[in-house]
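Heads up: the structure comes next, in structure tokens.
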Amino acid sequence: MLTTIAVDAMGGDNAPAIEVEGAIQAAHDLRARILLVGQEERIRAELEHQGVPNPRKQRLHIEIIDAREIITMDDPVAQAVRRKRDSSIRVAARLVREGKAHGLVSAGNTGAVMATAKLMLGTLPSVDRPALAGIFPTLKGVGTVLLDVGANAECKPEHLKQFAIMGSIYSRSILGVRNPNVGLMSIGEEDVKGNELTRETLNLMKAAPINFIGNVEGRDIFTGDVDVIVSDGFTGNVILKTSEGLVEAIMGLLKTELGQTILTQIGAMLSLNAFRSVKKRLDYSEFGGAPLLGCKQICVICHGSSNAKAIRNAIRVAKEFYKGKLSERIESELGRMAVIS
């Protein structure tokens, strides 16, 4: 049976064009069934524009589920989630809750997606707060998992301990790291460094059933020496947005400098190949979206400015999440911890 993923086709900055293109890519090469949720006439017009007027005739498992309302980036989250019951994100979540889809992907209003996921999909019994897990590129090639990157601006030490366990399971199950090490984001490696939250969390981490290596700093994110880094959502989101801006600046500078300094055709080709390689390693779209760990069912949240590749890879992440039974593993390990303690 094909894994079925519900895609909020109206969520992104360039919806539904990007979501439709990403869904077509996913249906082509991921062996997944995609439910495009949103205003049917706009989705159908976009499919025709992209050369897929009838997905079935082209042996693509793509279906349209009509949803008339859209939650915009400017909508007040609480009111929109409650009042817009026929919004694309709420209908997509309902499909997952009712077992008609195995996971949800959205590039819509992040607050609205998280609120809808908590409301419609629920939280695992042993999880106090779900956390967004972002993956950062590293010098060693294997991504570093940072969580939380925006779901919880304020946290307690117990929340960070749960984030550490969920992140460790995610690193093992999805990234294939056998025994991921876990660090706590702080302003210095020494135990006495940090604020009250990090100092209290440090002691909890030392007793948790994870490969905890102590405090780490911002510079450790990209080295590849730390597999999982734990932070409150405020700090994590600042790190995420700063990193995105830095990558864009580096790419722009490289492009400018390459154009100014290339003297020969051979040198130009070598430089261009290196540039493309670096760009691919730093490209956020390679990682898709951030899964909301701790929900009963699968929810992957993408950037509002995601391109088609990012949507395609978010669908891949949702499929891997489902195939790896990640939610069940998280609940099992946290439940076992609760019994031991």
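So the values come out like this:
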item	result
Complete set of residues in region 167-197 that are among the hydrophobic types (A, V, I, L, M, F, W, C) and surrounded by 18 or more Cβ atoms within 10 Å (Cβ to Cβ)	Ile169, Ile174, Val177, Val182, Leu184, Met185, Leu197
Residue satisfying condition, being within 15 Å of Ala314 (Cα to Cα) and of a type in the set (S, T, N, Q), within set Thr116, Thr110	Thr110
Number of the exception - Ile250 against (1) closer than 24 Å to Arg199 by Cα; (2) touching a residue at least 12 places away in the same chain (Cβ under 8 Å); (3) not charged (D, E, K, R)	(1)
Among the residues listed as Val226, Val192, Val177, the single one being at pLDDT 95 or above and in a loop (DSSP other than H, G, I, E, B)	Val226
Residue tally, condition closer than 21 Å to Leu326 by Cβ and of a type in the set (Ser, Thr, Tyr), over region 76-115	2
Qualifying residue in region 68-90 (condition: within 17 Å of Arg316 (Cβ to Cβ) and either modelled with pLDDT under 95 or buried (at least 16 other Cβ atoms within 10 Å of the Cβ) (or both))	no
Selection from region 96-130 of residues that are surrounded by fewer than 21 Cβ atoms within 10 Å (Cβ to Cβ) and farther than 20 Å from His303 by Cβ	Arg97, Glu98, Gly99, Lys100, Lys118, Leu119, Gly122, Thr123, Pro125, Ser126, Asp128, Arg129
Residue tally, condition crowded, with 20+ Cβ neighbours inside 10 Å and in a helix (DSSP H, G or I), over region 198-221	4
Residues satisfying the stated conditions in region 222-234, i.e. buried (at least 21 other Cβ atoms within 10 Å of the Cβ) and among the polar types (S, T, N, Q)	Ser231
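Residue-by-condition table, conditions (1) more than 12 Å from the chain's Cα centre (by Cα); (2) under 18 Å from Gly143 (Cα atoms); (3) modelled with pLDDT under 90:
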site	(1), (2), (3)
Leu293	no, yes, no
Gln297	yes, no, no
Val300	no, yes, no
Ala308	yes, no, no
Asn313	no, yes, no
Arg316	no, yes, no
Glu320	yes, yes, no
Leu334	yes, no, yes
Ser341	yes, no, yes
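The values are calculated or read from the model by the stated rules, or taken from the named source; none is laboratory data. Nothing here was measured: the structure is a model prediction, and the numbers come from that model. No Cβ is skipped: glycine too gets one built from the backbone with ideal geometry, and neighbour counts run over all protein chains shown.
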